[in-house]
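What follows is a set of notes on a single structure, which appears directly below.
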Amino acid sequence: MARPRIAIVDTGSGNLRSVEKALAASGADGFVTRDADRVAASDKVVMPGQGAFGAYVAGLNREGGALRGAVLAAIRAGKPYLGICMGLQVLFEASEEEPGCAGFGLLPGQVVKFKVAPPLKVPHMGWNACQRPDGADAVPVLADMADGTYFYFVHSFYPVPANPRHLALTTDHGGSFCAAVACDNIFACQFHPEKSQRAGLALLSRFVSL
């Protein structure tokens with residue numbers, strides 16, 4: 001079976017090569033690109049990223065928004081989409097981090113900043129156990145994943161989905177928050193699977209095999 005061609009979208013927000021290496025270890029032919037045509041020709045799309053919401057959206061909107069349009073077209077065509085960190089947040093309508101800056105708006109909801117009391121800190125960094133919410137639909141990327149599996153997080157903001165059916169995983173940092181979402185061909189996580197050792201590689205392998 002041919003290895004799937006996976007576009008790793010480069011918005012200028014870093015952390016791309018580690019994602020590329022992790023996907024290769026998971027059986028994919030992944031390639032980093034800013035080229036809208038290469039995104040359109042791919043089998044699947046991965047949107048990694050870290051940093052500020054406004055800079056991330058600006059990277060998608062450069063050159064008349066060709067890259068943004070290609071990613072949206074791929075999602076709407078039903079291609080599997082994996083969003084990581086900022087690739088999760090941009091699915092929503094807007095973020096407190098950059099008021100007036102529009103995300104994709106594919107999922108209703110907002111991105112908000114942690115409001116925690118000491119000794120908890122922001123940014124939230126480290127390993128957290130993740131659980132499926134009660135009544136959550138089965139998600140292929142999470143098949144065979146045990147509740148309580150630990151993933152690695154680095155972030156100050158997180159999404160609040162308006163539709164609870166989009167919640168795929170939750171975890172806790174001063175209260176429960178959204179760790180991952182799923183909707184049709186979309187799966188996106190606030191944690192970094194490429195930094196999450198065996199559990200992360202298992203998740204990426206399941207995405208590659210979709």
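Quick notes on this structure:
- Selected residue (only one of 120, 82, 88 is in contact (Cβ under 8 Å) with a residue 40 or more places away in the chain, touching a Leu at 6+ places or on another chain (Cβ under 9 Å) and of a type in the set (A, V, I, L, M)): 82
- Residue match in region 199-210 (condition: in a loop (DSSP other than H, G, I, E, B) and over 19 Å from residue 78 (Cα atoms)): no
- Considering 83, 30, 49, 78, the condition of being buried (at least 21 other Cβ atoms within 10 Å of the Cβ) and in a loop (DSSP other than H, G, I, E, B) is satisfied by 49 alone.
- Test: residue in region 133-153 that is in a loop (DSSP other than H, G, I, E, B), farther than 16 Å from residue 84 by Cβ and in contact with a Ser or Thr (Cβ under 7 Å, 6 or more places away or on another chain): yes
So that you can scan it fast, the table gives a plain yes or no per residue for (1) over 30 Å from residue 29 (Cα atoms); (2) surrounded by 17 or more Cβ atoms within 10 Å (Cβ to Cβ):
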site	(1), (2)
123	yes, no
136	yes, yes
162	yes, no
187	no, yes
192	no, yes
200	no, yes
209	no, no
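- The single condition from (1) assigned to a loop (DSSP other than H, G, I, E, B); (2) on the phi > 0 side of the Ramachandran plot; (3) small (Gly, Ala, Ser) that residue 103 fails is (2).
- Residue 169 surrounded by 20 or more Cβ atoms within 10 Å (Cβ to Cβ), assigned to a strand (DSSP E or B) and out of contact with any Gly (no Cβ under 8 Å at 6 or more places or on another chain): yes
- A single entry from 160, 139, 154 fulfils the requirement of being out of contact with any Cys (no Cβ under 9 Å at 6 or more places or on another chain), aliphatic (A, V, I, L, M) and under 23 Å from residue 104 (Cβ atoms): 139.
- Criterion violated by residue 24 - all others in (1) surrounded by 18 or more Cβ atoms within 10 Å (Cβ to Cβ); (2) touching a strand residue (DSSP E or B) at 6+ places or on another chain (Cβ under 8 Å); (3) assigned to a helix (DSSP H, G or I); (4) not aromatic (Phe, Trp, Tyr) satisfied: (1)
No value in this document is a laboratory result; all are computed from the given coordinates. Please read these numbers as outputs of a predicted model, since none were measured by experiment. Neighbour counts run over all protein chains shown; Cβ positions are idealised from the backbone, glycine included.
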